[in-house]
Amino acid sequence: MTIKAALRRDRSTGRATRVKAQGKFLFANGKKLYLRGVTYGTFRPQPDGTMFPPPEVVEADFRGMIEARVNSIRTYTVPPAWLLDLAVSFGLYVLVGIPWEQHIRFLDDRKTRKGIERTIRDAVDSCGAHPAVLAYLVGNEIPAPIVRWYGRRRIEAWLRRLYQVAKREDPGALVAYVNYPTTEYLDLSFTDFVCFNVYLETPERLQAYLARLQNLAGEKPLVMTEIGLDSRRNGLERQAEVLEWQIREVFAEGCAGVFVFAWTDEWHRGGYDIEDWDFGLMNRDRNAKPALAAVAGAFAEVPFPAMRLWPRVSVVVCSYNGARTIGDTFEALQHVEYPNFEVILVDDGSKDATAAIGLEFGVRVISTENRGLSNARNTGYEAATGEIVAYVDDDAYPEVHWLHYLAHRFMQRDWAGVGGPNLPPAGDGMIAECVANSPGGPVHVLVSDIEAEHIPGCNMAFRKAALEGTGGFDPRFRTAGDDVDICWRLLNSGAHIGFHAGAMVWHHRRNSVRTYWKQQRGYGRAEALLERKWPERYNAPGHLSWAGRLYGRGLTTALTRAPGRIYQGHAGSALFQSVYQPAPGTLASLPQMPEWYMAVLGLAAITALGTIWLPLLAAGPLLLIALGAPLGQASLDAARATFSERRGVRAWPRHLLTGLLRVMQPIARLSGRIEYGLTPWRRRGRGLALPFAITESAWREEWQSIEARTQTLASALKQQEAAWRPGGDFDAWDFEVRGGMLSSARLLSSVEEHGGGRQLVLFRAWPEISNFALGLIGATSGLALAAGFDGAWAAAAVLALIAGAITLRSIWEAALAMGAVKVTIAEYQEAAQ
């Protein structure tokens, strides 16, 4: 029997031991696998055409690799069967590179394209399902000029095609493409994991770029397929020093693996031996360089050095009737490898076996009456003995190095809090998978690659001192919104919140449509509570705009989103080429908002009036467009949703259900908002004042800065629960106070400086009726007149009543806003006396 036949006979065994990608990491035989790799080749061809050294040399190389703690190699050519067999015998995985002509215009000729596809097929077939194969690489660094020539979309489509060719030949294999910074902008989200070759020679730049790549990788593992340093130009000791910190930095930033370029200084390319660089850990005579010992030392301590002094962490799990899933949480926490932590269960009045399960796992249990999530979180941190308090939900469970990554980020800077991603586990069922691809899930919001505006409550950690300094979580948030509130309060105090992509937890999504609806309604109620406490962060219709960017699956994309622009440098010469995606405009974003459905109802009412005046039926097409926008958006987003591959399971039912959930979610969120008063017609303010401009003043005997004055005014507005926002850098006013959606008042303050630090503070305030309100009044008034001229008196009366109601509402809102402003000025005047 030939070797190839034997391999095919053992295909089922190979599949049972194959590496899998799960979340941000790789796993083999159910255990986490960090790739500690070196690149191997390319070598001068042997007389028989083999692209590797003789077996006895390869065997010696593999023995040296094992001694250096290497567990994987990356090849640039397809290895022969005997090399794969040797790799298995040494316990090495092989990342198989499949070479093809990438530096030429390969897409121009159909015969060339077919030849490349055949090369991929033959390479995968020649390896069979060999247990040594880690994954297949269907390309490596297509030159940036070639990508620029064809355009990113054609290259992305071509690489997707090669990925599919490899998958059809071996469905159980992992398949990827090796990218590099100059074509960073390529969207290769279809690959099984993300690979990059990166050569950066300072720790700060490498750390920053790794964080960026982690966010580009999203929910997939990130593997650095080449790092290295040329010892010929930099010296042997410098090479060893740089490689050691490069490896440590790669793993500290949550990467699934790294391949050092290269095992030896041998490098053969294009028919020539390359002899003007020396990137190897061994020289051409197979003598070790100092870098080999440095790499071995770093590989021995993956992902972090064992002797590092780690801060104590208290893990707090808050639960109300969480017995169905909390066992998974405690089971996973038992396998967390962090050396210094405790687990506290706060049982918030559960009526099921939650507390008993906690006792069974030996965790510290604190039982209270049902007081809500925020109170439970406060109970947890107050009882904590660690300097860091990490929260994980009772329907989530952490990855084994979760606490290491959180603590590592805390130790880098004086972060008040640190969070990480939460990913849906496999095997929760079709509905849970569709929910994971729908909006409204727990997502993190980042203002940079490692700094967050918000971290979700299912995976967040804070310094205990920071929680104590803010007074802990606000008890008004009983089920949701507590995480958003605590993040905003910390940011307002001048603190910073970090993010680490490796600090991953698995988070079960809702597994029924009913519970998803209930969850989204609850989030709507939480938004209403947040808006009352943080009105300055919401616009007039009641929509929150984040300063940072949202990351996570299930996000809604604007239908008319502008295409991203690639920074290419002059003639495509930039070394790092990134996509700059402009934020969608207001008009494009409107169909994403729950309030859009209220506009639909308004158009439906106008169309219905067409029964008494036919011209109003012209609103019908607008109504169809308004209905079609969210439906079309949901359909497009559902079509882009990604699902796990299952034999015998069709994809279309999952896409259909995801589309229905996407339509349902904003309606559920809107109903929760309305229930708790977050509506476009909400009133704010405690008094009324005539909606006319006013001028006031206040005499101060003590000098006060501009910052202190604006803070005093903001505090007074908050105490009234007024809806307000501060003026921006280009606004000629200090505060805008909203009486509702239609009208507001604006406040401007100034000061006359007098001797001895005395000040005369001046105030001017005036009402503002919004352009939206004026437009509505004008449109309905015009239609009323037109209906009257047409003799449709019933329609004219209805439209006139609508115009009058909008006018009166606008005046009333302006009076409310002016009332809030007058009270604020009066309180300032009283305090200044």
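Summary table below
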| item | result |
| --- | --- |
| Number of the exception - R650 against (1) open to solvent by 30 Å² or more (accessible area, probe 1.4 Å); (2) touching a residue at least 60 places away in the same chain (Cβ under 8 Å); (3) assigned to a loop (DSSP other than H, G, I, E, B); (4) of a type outside the set (D, E) | (2) |
| Selection status of R15, within 37 Å of the chain's Cα centre (by Cα), open to solvent by 70 Å² or more (accessible area, probe 1.4 Å) and modelled with pLDDT of 95 or more | no |
| Of all residues in region 226-239 being open to solvent by less than 10 Å² (accessible area, probe 1.4 Å) and of a type in the set (A, V, I, L, M), the one that is nearest to R74 (Cα to Cα) | I227 |
| Members of region 492-505 found to be outside any loop (DSSP other than H, G, I, E, B), surrounded by 23 or more Cβ atoms within 10 Å (Cβ to Cβ) and not aliphatic (A, V, I, L, M), listed by number | G498, F499 |
| Qualifying residue in region 718-728 (condition: out of contact with any His (no Cβ under 6 Å at 6 or more places or on another chain) and at pLDDT 90 or above) | yes |
| L92, sole failed condition from (1) of a type in the set (A, V, I, L, M); (2) in contact (Cβ under 8 Å) with a residue 60 or more places away in the chain; (3) crowded, with 19+ Cβ neighbours inside 10 Å | (2) |
| Among residues of region 466-491, those that are open to solvent by less than 10 Å² (accessible area, probe 1.4 Å) and either hydroxyl-bearing (S, T, Y) or in a helix (DSSP H, G or I) (or both), counted | 7 |
| Residues of region 346-385 that turn out to be farther than 23 Å from R463 by Cα, part of a helix (DSSP H, G or I) and among the hydrophobic types (A, V, I, L, M, F, W, C), as a count | 4 |
| Every residue from region 414-436 that is touching a strand residue (DSSP E or B) at 6+ places or on another chain (Cβ under 7 Å) and farther than 30 Å from R650 by Cβ | W415, A416, G417, V418, G419, G420 |
| Residue match in region 295-304 (condition: of a type in the set (F, W, Y), over 21 Å from Y93 (Cβ atoms) and not in a strand (DSSP E or B)) | yes |
| Conditions (1) touching a residue at least 40 places away in the same chain (Cβ under 8 Å); (2) open to solvent by 60 Å² or more (accessible area, probe 1.4 Å); (3) hydroxyl-bearing (S, T, Y): number failed by S635 | (1) |
| Cβ pairs under 7 Å, 6+ apart, first in region 507-529 and of a type in the set (A, V, I, L, M), second assigned to a helix (DSSP H, G or I) and at pLDDT below 95 | V513/I431; A528/R673 |
| Tabulated pairs, region 350-368, first without any contact (Cβ under 8 Å) to a residue 40 or more places away in the chain and under 16 Å from V316 (Cα atoms), second surrounded by fewer than 16 Cβ atoms within 10 Å (Cβ to Cβ) and among the aliphatic types (A, V, I, L, M), C-beta under 8 angstrom, 6+ apart or interchain | R364/A383; V365/L359; I366/A383 |
| W733 buried (at least 16 other Cβ atoms within 10 Å of the Cβ), free of Cβ contacts under 8 Å to residues at least 60 places away in the same chain and not in a strand (DSSP E or B) | yes |
| Count of residues meeting criterion [open to solvent by less than 70 Å² (accessible area, probe 1.4 Å) and more than 18 Å from A68 (Cβ to Cβ)] in region 240-269 | 8 |
| Complete set of residues in region 386-398 that are assigned to a loop (DSSP other than H, G, I, E, B) and open to solvent by less than 10 Å² (accessible area, probe 1.4 Å) | G386 |
| Top-ranked residue of region 673-726 - restricted to ones that are β-branched (V, I, T) and in a helix (DSSP H, G or I), ranked as surrounded by the most Cβ atoms within 10 Å (Cβ to Cβ) | I674 |
| Check on A795, open to solvent by 30 Å² or more (accessible area, probe 1.4 Å) and part of a helix (DSSP H, G or I) | no |
| Region 126-159, subset hydrophobic (A, V, I, L, M, F, W, C) and assigned to a loop (DSSP other than H, G, I, E, B), residue nearest to the chain's Cα centre (by Cα) | I142 |
| Counted residues, region 736-749 - those being at pLDDT 95 or above and open to solvent by 30 Å² or more (accessible area, probe 1.4 Å) | 2 |
| Exclusive hit being assigned to a strand (DSSP E or B) and either open to solvent by less than 10 Å² (accessible area, probe 1.4 Å) or of a type outside the set (A, V, I, L, M) (or both), set R44, R36, R69, R63 | R36 |
| Which listed residue, of Y199, Y185, is touching a residue at least 24 places away in the same chain (Cβ under 8 Å), surrounded by fewer than 18 Cβ atoms within 10 Å (Cβ to Cβ) and farther than 17 Å from V96 by Cβ | Y199 |
| Boolean, R212 is open to solvent by 20 Å² or more (accessible area, probe 1.4 Å) and under 14 Å from V250 (Cβ atoms) | yes |
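Conditions (1) under 23 Å from the mean Cα position of the chain (by Cα); (2) part of a helix (DSSP H, G or I), marked per residue:
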{"site": "N511", "(1), (2)": "yes, no"}
{"site": "Q520", "(1), (2)": "yes, yes"}
{"site": "Y523", "(1), (2)": "yes, yes"}
{"site": "A528", "(1), (2)": "no, yes"}
{"site": "E531", "(1), (2)": "no, yes"}
{"site": "W546", "(1), (2)": "yes, no"}
{"site": "L550", "(1), (2)": "yes, no"}
{"site": "L555", "(1), (2)": "yes, no"}
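The values are calculated or read from the model by the stated rules, or taken from the named source; none is laboratory data. Computed from a predicted model, the values in this text were never measured in an experiment. When we count neighbours, we look across all protein chains shown, and the Cβ atoms used for this are built from the backbone with ideal geometry, even at glycine. The accessibility values were calculated without ligands, DNA or RNA, using every heavy atom of the protein model including side chains. Shrake-Rupley method; radii C 1.70, N 1.55, O 1.52, S 1.80 Å.
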